[in-house]
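Read the structure below first, then the notes.
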Amino acid sequence: MSSAREEIINRVRAAISRKVGDKPAAPPEPLLRIRGYKLDEKIAAFRAALEALSGTVTETHSRAETQSAVKRLLDGRTAVASAHPLLAEQWVTEIEVVQSGLTGADLRNACASAGVGITSAYCLLAETGTIVFRASAEESRLISLLPPVHIAVVSSRRMLGGLDEMLSMIARPVDDSSAMVFITGPSRTGDIEQILVRGVHGPGHVHVVIVHEEDIR
Amino acid sequence: MRENTRQETLDDPKLQLALYTATGRLMDHRKKAIGGGKVPEYQDLRTRAAAVKRHTLDYLDVYLTQFEAAVQANGGKVIWARDGAEAADFILSLAKEKGESLIVKSKSMTSEEIHLNDRLIKHELETVETDLGEYIIQLAGLRPYHIVAPALQMTRYDVSTLFEEKLGIAKDDVIENQTMTARRVLREKFLAAGIGITGANFLVADSGAVVIVENEGNARLSSSAPKIQIAIAGIEKMIPRVRDLGVFLALLGRSATGQALTSYTSILSGPRRKDERDGPEEFYVVLLDAGRTKLLADKEKRESLQCIRCGACLNYCPVYRKVGGHSYPWVYSGPIGKIITPQFQGKEKDPWLPFMSSLCGVCAEVCPVKIDIPKILLALRRESQKSSDDAGAMKWFARLMTRPWLYRLAASFGLGWLGRKDGVWVREVKWPASSGPLKDWLAVRDFPAPPEQSFRDWWEKRRK
Amino acid sequence: MPGRVSIFVTCILDQLFPKAGVAMVAVLERLGYDVEFRKEQTCCGQPAFNSGFHDEARAVARHFLDVFDGAEHIVVPSGSCTSMISHHFADIFAGDTKMLQRVHAIEPRVHEFSTFLLNVAQTDDVGARFPQRVTYHDSCHALRELGMKDVPRRLLRKVKDLELIEMDTAEECCGFGGTFSVKFAQISSGMANTKVDSILKTGASHVVSVDSSCLMQLRGTLSRSGHKVETIHLAEVLAAR
């Protein structure tokens, strides 16, 4: 009596006329289109792409600027922040209404009730205006997902040209992480009469603060 | 709420307008995304995507086992399901074992295929669809109308009535409010559910990863909030490496909705790692056969398995745009539905299905993975012809067309019988022509009266 | 120095729309070609092929190959019949090496009429005059199997006093599809009505195409709804003086 696994694999082998031990051919070469950009070109492209999706981009050149930019975006709402070191370095976690360092049920409840979720990012992708999230000790999934507003504070050094560039740099991004998410603008749906509505399940507002770390002493 | 029949759909001007406009909009989005030289390598991408899919199917046993090993190395588990019943049984026994009774689901056509929700709900597992369109049709008890837009045919007034009836909410036909209602109701479910079930756009062999492409965030929530994540996917969703996503993601969003990237693309590879603060504690991937190995064995039609479920073929299909998703017998509609339904449901079930096409070929033109749908439709027609009503007529057709004297005689006599008159179009014809295919023709359009002389008559005359 | 061409007028043109064939002969002769009409010709077999009857299609295709054996150029006033020969004869003789040889020999010698004018006769101006506003219907086989988007338009643009206006659904199927038109008459008619709506929007007096089956579908629909718009084969426009 064969298991479902055996049966399926055997059926597959029979269907494609392969025997156990037949050496497979190599897969076709991936097509990775990487264009060379300067930083200011990348930032301009990122801004254009994210603004087209109704997101915002703010550039800062000092800790004080970063903190005040985030304060402005918070607009008095409560926030939960991830444990990414950049947020502490840039004085974001010091803002009064920002909770940080949470774990377990506290973290989950804070995400469910906060008005804003603040994260950093693994990297940014200029061509599509994408924030790349990678689950880790420092970044949790629900912070950029449950609150209706998402602010990502990211160093300009993490700005890549596009998805293909990122894929060329890291072949297996989820070996040591349970999740990588490409976040491109706010949550959206057109399921009723094709009319666009933002913020159906995920955040309806996305703001990116790009920190020019090279300018910070 | 019930499904409209094909004829009802054709006769309903409001539904026709909704269908034509919605698909027209999706076509425009796609055209804008790839037009004007925006993606100069577009045809190259299609060729490569088709090649990767073909390669993966050619070595699917290798990739399936590689995938399983990688999932296990990440702390997850792979469940092999020969059919829908086995997939459902696994989920049922897991829920029972863990004492869970509430499941949130994100959009999965594969799960529709195997009627997963019905099976789970029969065993008193509350199973809630969380994609807005799917949630709406779940409340209404309908099949999805379109692969990407499940409630495409419904208006805001339909939704307002539905929410009033099923949720006890005061009538509100403002779409934004309806959406926020769904957000509110479903948010509670996400946070209370013990199990989240998702589909998968791709399975990645080298990383044991499940890739989910979406715009709403409900798949992210379904895979992040509950303790247990289950991804259910057909075995054909496999691709070799994460870096192959570059090609597929470049094509999928653009083909489906005209987006370079959708709002969220998740690459998920197992339960939360040791130091992560949230994410599922248990991770299962259900690999589903349910007829796929049978289709894999059919060399001529195997490429149907390359489909990445973008829905472009539906949007462009002039037949789909007239008859809508409920005129197809199974859960997959449009051109892709026409070619896979006979493979999965059996050719005898809906023998007319491969004939509901004018073979215009626009589906093959827009398919991002180059499935030659017309070729497969012709193959299905070929396989059904022996039992067809047309067999007798076709034998006569061949006899006529291989015997020029007989052709000339039949044409001259037959058309002469109808009556010759240059430049005239008629509403009816004499018996017995009036009882054959001409009857169906004349039901909806006029027919040309045969001309006073045929071309060959003219040629003969002028040679003299 | 133009030589001899053999014409395959197609069964539908022969019996229902001979004027298009007559026009094609006129244009070819105007360009100096010696036109041959092989009397034994009948059909390309497409109705059988599209319905899945390969044996019958094969028999008819074999007859075609016999009739046109040795012809140097075969000119066809139909996109769908041309693509049947140049793209699908190989399908129906798959596995039959001898027949495939004959098929591959004939494939490069078969030309849809307007393609013949541009690529072989190497002319886009045949001295035509047609003072009307016309719109062009891209028939599916011509567009997608033969890649003919520009070819007919280039020829139309050189016709004196002709105003070419594009309909917004030019590339959409008219709904004929062979037996589809009677097996699924309601859907077919719906598709035709969509085309008719956009044809009427152009204000054109004529719809032009290279496929008579499409023109039959469109004209039948226009006529049934009492519209005066006429359908005309590209060959007839090019023959007009």
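Looking at this model, which pairs from B:LYS77/B:LYS107; A:LYS23/B:LYS53; C:LYS19/C:LYS228; B:LYS301/C:LYS98; B:LYS107/C:LYS201 are more than 30 angstrom apart at the alpha-carbon? Result: B:LYS107/C:LYS201 exceed 30 Å. With all projection directions averaged, the alpha carbon convex hull of the range C:133-239 covers 6.2 nm².
Hull volume per residue, based on the alpha-carbon atoms of the range C:4-119 and their convex hull, is 92 Å³.
Dividing the convex hull volume of the alpha carbon atoms of the protein assembly as shown by its residue count gives 183 Å³ per residue. Each part reduced to its alpha carbon centroid, the range B:79-104 and the range B:306-321 end up 31 Å apart. Considering helices alone, the calculated mean residue ellipticity of chain C at 222 nm is -12000 deg cm²/dmol, with DSSP H runs of length four and up weighted by -39500 (n - 2.57) and normalised per residue.
Calculated from the alpha-carbon coordinates, the range C:36-93 shows an Rg and a Dmax of 10.9, 32 Å respectively.
Note on chain A: Rg/Rh from Cα positions, Kirkwood definition for Rh, rounded to two decimals, is 1.09. Remark on the range B:307-387: hydrodynamic radius 12.6 angstrom, per the Kirkwood mean of 1/r across alpha carbon pairs.
Take each residue in B:59-68, count the other chain C-beta atoms within 10 Å of its C-beta, and the mean is 5.
Distance between the modelled labels on C:HIS87 and B:ILE121, one decimal in nanometres: 4.4 nm (7 Å Cα→Cβ projection). Could you state the angle between the C-alpha long axis of helix B:175-192 and the longest principal axis of the C-alpha atoms of chain B, as a value from 0 to 90 degrees rounded to the nearest 10? The angle comes out at about 50 degrees. For the range B:402-463, the solvent-accessible area of protein heavy atoms averages 59 Å² per residue (probe radius 1.4 Å; ligands and nucleic acids excluded). Among the helices of chain C, those built from whole DSSP H runs whose Cα atoms reach 15 Å or more along their own axis and whose mean Kyte-Doolittle hydropathy is at least -0.5 are C:18-30, C:54-67, C:185-202, C:212-224. Cα centroids of the range B:13-75 and the range C:61-100: 35 Å apart. Residue by residue along B:351-358, Cβ atoms of other protein chains within 10 Å of the local Cβ number 5 on average.
Across the range A:121-131, rounded Karplus estimates of 3J(HN,Hα) from the backbone phi angles (6.51 cos²θ - 1.76 cosθ + 1.60, θ = phi - 60°) give 7, 5, 6, 10, 10, 5, 4, 10, x, 9, 9 Hz, Gly and Pro being marked x. Which log10 I(q)/I(0) values does chain B give at q = 0.08, 0.09 Å⁻¹ under the Debye formula, counting every alpha carbon as one identical point scatterer? Treating every Cα as an identical point scatterer, log10 I(q)/I(0) equals -0.56, -0.68. Among A:LYS19, A:LYS38, A:LYS71, the residue with the largest mean-square fluctuation in a Gaussian network model of chain A, with springs joining Cα atoms closer than 10 Å, is A:LYS19. Our helix-only sum for chain B, with -39,500 (n - 2.57) per DSSP H run of n ≥ 4 divided by its residues, gives a mean residue ellipticity at 222 nm of -15000 deg cm²/dmol. Over all directions, the projected convex hull of the C-alpha atoms in the range B:402-463 averages 4.9 nm² in area. If you sort the three axes of the alpha carbon gyration tensor as a ≥ b ≥ c, you get a/c of 1.5 or more for chain C and a/b no higher than b/c, which makes it oblate. Where does the longest stretch of chain B lie that holds no GluC sites (Glu not before Pro) found in a DSSP loop with 14 or fewer other Cβ atoms within 10 Å? Counting at most 14 other Cβ atoms within 10 Å as exposed, the longest clean stretch of chain B is B:125-280. A P(r) calculated from all alpha carbon pairs of the range B:1-143, with 5 Å bins opening at zero, reads 2, 7, 9, 11, 14, 13, 13, 15, 10, 4, 1, 0 percent. The range A:153-188 and the range B:165-212 have Cα centres lying 24 Å from one another.
Can you tell me the orientation of helix B:156-167 relative to chain B, as the angle in degrees between its alpha-carbon axis and the longest Cα principal axis, to the nearest 10? Compared with the principal axis, the helix lies near 40 degrees. Relative to the dominant Cα principal axis of chain B, helix B:84-98 is inclined by about 20°. Within the range B:386-446, the trypsin sites (Lys or Arg not before Pro) that combine a DSSP coil assignment with at most 15 other C-beta atoms in a 10 angstrom radius are B:ARG420, B:LYS421, B:ARG427, B:LYS430. Here the protein assembly as shown carries DSSP beta bridges of which approximately 25% are antiparallel, counting only pairs with both residues inside.
The values are calculated or read from the model by the stated rules, or taken from the named source; none is laboratory data. Please read these numbers as outputs of a predicted model, since none were measured by experiment. In this analysis, Cβ positions are derived from the backbone assuming ideal geometry, glycine residues included, and neighbour counts consider all displayed protein chains. Note: areas computed on protein heavy atoms with side chains; ligands, DNA, RNA excluded. Shrake-Rupley method; radii C 1.70, N 1.55, O 1.52, S 1.80 Å.
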